[in-house]
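Working notes, structure below.
Each reported figure results from applying straightforward, stated rules to the coordinates on display, with no laboratory input. Everything numeric in this text was worked out from a predicted model, so none of it was measured. Here the Cβ is made from the backbone with ideal geometry for all residues, glycine too, and neighbour counts use every protein chain on show.
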Amino acid sequence: MAIGARIRSRRTYLKMSQGELAAKIGVSFQQVQKYERGANRVSGSKLVGIASALGVSVGWLVGENEASAGDDATFAALAVPGALEVARAFAAIRRPRIRAALLALAQDMARKHG
């Protein structure tokens with residue numbers, strides 16, 4: 001699942017659709033969805049193709065280049081649909097007080113509706 005989260009995170013960062021990635025690696029977009037969800041394992045040859053298509057190393061996809069064990073949780077969180085877009089929007093807010101207010105709101109909603 002961690003590999004799938006990294007695939008999705010990198011693909012969305014590049015603004016690449018599942019269909020575009022699928023075409024580059026020779027599978028259906030449904031197969032890419034299964035890889036990203038962790039429903040299907042990624043073969044070694046497909047992992048090499050995905051890494052090439054996404055412009056990263058296989059080591060990065062499998063987590064060998066990670067700084068800490070907590071990074072798996074971070075990539076899993078970013079794999080949630082909309083999470084990367086929320087992070088980008090949050091980073092674009094220039095005023096620290098507004099970012100702090102938005103963060104407090106999100107944390108409160110997570111506690112109440114998590």
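Given 0.36 nm per residue, what is the gain on full extension from Ala104 to Gln33 after removing their alpha carbon distance, in nm?
On the way: separation 71, 0.36 × 71 = 25.56 nm, distance 3.23 nm.
Here the segment from Ala104 to Gln33 would lengthen by 22.3 nm.
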field: Mean separation of Cα contacts under 8 Å, 6 or more apart, over the residue count of segment 5-53: relative contact order %
entry: 35
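Compute and list, largest first, the equivalent-ellipsoid semi-axes of the chain from the alpha carbon gyration tensor, each √(5λ) rounded to a whole angstrom.
On the way: eigenvalues 170, 42, 38 Å².
Calculated on Cα positions only, the semi-axes equal 29, 15, 14 Å.
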statement: Here, Ala87 and Tyr13, labelled 7 Å along Cα→Cβ, have an inter-label distance in nm of 0.8
Fewest-first ranking of Phe29, Phe75, using other Cβ atoms within 10 Å as the exposure measure: Phe29, Phe75
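For every helix of n ≥ 4 consecutive DSSP H residues, a contribution of -39,500 (n - 2.57) applies; sum these over the chain, divide by its total residues, and give [θ] at 222 nm rounded to the nearest 500 deg cm²/dmol. Walk me through the numbers on the way to the answer.
Working: 8 runs with 81 residues, N = 114.
Value at 222 nm, helices only: -21000 deg cm²/dmol.
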query: If the cut-off is 16 Å between C-alpha atoms, which lysines fall inside it for Lys46, apart from same-chain ones fewer than 8 positions away?
result: Lys24, Lys34
task: Convert each backbone phi in segment 15-28 into a coupling constant with the Karplus relation 6.51 cos²θ - 1.76 cosθ + 1.60 (shift: θ = phi - 60°), then list the ³J(HN,Hα) values in order as whole Hz, x for Gly and Pro.
output: 6, 9, 6, 4, x, 5, 5, 4, 5, 5, 10, x, 9, 7
- prompt: If each of Val80 and Glu64 carries a label point 7 Å out from its Cα toward its Cβ, how far apart are those two points in nm?
  reply: 3.1
statement: Inter-part gap, Cα centre of segment 21-38 to Cα centre of segment 87-101, in whole angstrom, is 33
